[in-house]
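The values are calculated or read from the model by the stated rules, or taken from the named source; none is laboratory data. Being a predicted model, the structure only gives us computed values, none of them experimental. In case anyone asks, the SASA skips ligands and DNA or RNA and just uses the protein heavy atoms, side chains included. Shrake-Rupley method; radii C 1.70, N 1.55, O 1.52, S 1.80 Å.
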Amino acid sequence: GRAKGGVAAARKLTAEQRKERAKQGAVARWGLKATHKGNFQQHLGIDVECYVLNDAKKTAVISQSGMAKALGLTERGNVLDRFISSQVMTGYVVAELAEKLKNPLVFQWSSGVAEVPPTTVKGFDASLLIDLCNAISSASVEGKLGKRYARIVQQASIINGASAKAGITGLVYALAGYRPEIEEV
């Protein structure tokens, strides 16, 4: 009885709804995977990896080490976590942003070469970079970030100047070679 009900329910769905349900099932079974990979090097001069995930939103992601590197921080250890939790950033990194930055997305990237196993990558929704840059800018304007943080403030300014929140997703898609208008048809 139960299997028949599932078949009957599936028949009531449109082709688009069935396709979306199949995608959600694949993500649930196999986990998140990156379908495209790019780098900010050519366009922004920063060696930062970015990806497009296979989830329903086609989430644009910047690697965890790339997020730190984009801001001028070292890639080692938990330097990003220490920075957002620091005394100087208290009150500027809101709780929701801090929570998202402490819980990166975990996904698989495969280069497509048969002998090379997929790599597990940790990263963040690309729009969080803009939120973090805005927090840095606010702290800077209020005089909380001294000369020690000049490079981070400069990087935040460059990133904000180069992209708006809505544009960062498009930038990652372009850098990763993903064209939704073609690939989703």
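Odds and ends about this structure:
- Tilt relative to the chain, helix 2-12 - C-alpha long axis, 0 to 90 degrees, to 10: 80 degrees
- Heavy-atom surface of the stretch 119-168, accessible at 1.4 Å and reported per residue (Å²): 51 Å²
- Choice from ASP131, ASP55, ASP81 with maximal GNM fluctuation in the chain (Cα, 10 Å cutoff): ASP81
- Folded to 0 to 90 degrees: helix 150-162 orientation relative to the chain principal axis, Cα: 50 degrees
- To the nearest 10, the accessible area of GLU142 is 120 Å² with a 1.4 Å probe.
- For the stretch 34-185, the relative contact order works out to 27 percent when only alpha carbon pairs closer than 8 Å and six or more residues apart are counted.
- Angle in degrees between helix 165-176 and the longest Cα principal axis of the chain, rounded to the nearest 10: 70 degrees
- Per-residue ellipticity at 222 nm, computed for the chain from helices alone with -39500 (n - 2.57) per DSSP H run of at least four residues, works out to -15000 deg cm²/dmol.
- Residue order for LYS69, LYS100 - accessible surface, 1.4 angstrom probe, largest first: LYS100, LYS69
- Share of carbon and sulfur in the accessible heavy-atom surface of the chain [1.4 Å probe, %]: 53 percent
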